């Protein structure tokens, strides 16, 4: 399993940060490359909520269905990728991808922790993860933190 872990101090109260990171409809406001988010069901926030994100990266156009699998009201959220396509082809080299965001009160605002983890499939997946995907995810998380801090 591969993972990227980062944290960042956002100088806003935890309730404001939670209001943004816990709403998939707001991903395009802070997640780099997200150009559209479509809810796949009309469900309340929390476990099971599912959406499709359209993401433009240097690799191409991603279409990813994601679902919340863990919800800690006001402090944490975990979502997993249910299916993933890159330029309309199934992404088979990367599986079991999950994103976990945890918020922690800090005297100067909110500490945001983000962990993205995934498995690679075959030698192609391992090479892809080592040479490219880890770097791409690391940059995306860093840029997302900056966007989040500026957009709240």
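Note on segment 65-111 and segment 1-43: Cα centroid distance 8 Å, given to the nearest whole angstrom. With the convex hull constructed from alpha-carbon coordinates only, segment 112-152 shows a mean projected area of 3.1 nm² over all directions.
Expected output is a single nm value to one decimal: the length gained when fully extending between residue 25 and residue 135, i.e. 0.36 nm times separation in residues minus the C-alpha distance. What is it?
37.0 nm
Rg of the Cα atoms in segment 1-66, relative to 2.2 N^0.38 Å, amounts to 1.25.
When the Kirkwood radius is taken over all Cα pairs of segment 2-151, what Stokes-Einstein diffusion coefficient follows at 20 °C and 1.002 mPa s, in µm²/s? In µm²/s, the coefficient rounds to 136. Sort segment 16-105 into rounded, prolate or oblate with this rule: let a ≥ b ≥ c be the square roots of the eigenvalues of the Cα gyration tensor; rounded if a/c is under 1.5, and if a/c is not under 1.5, prolate when a/b is larger than b/c, oblate otherwise. Here segment 16-105 falls in the prolate category. Descending by average beta-carbon neighbour count within 10 Å, the peptides 82-93, 113-124 line up as 113-124, 82-93, the highest first.
No value in this document is a laboratory result; all are computed from the given coordinates. Since we're looking at a predicted model, the values are computed, not measured. Cβ coordinates were reconstructed from backbone atoms using ideal geometry, including for glycine residues, and neighbour counts include every protein chain displayed.
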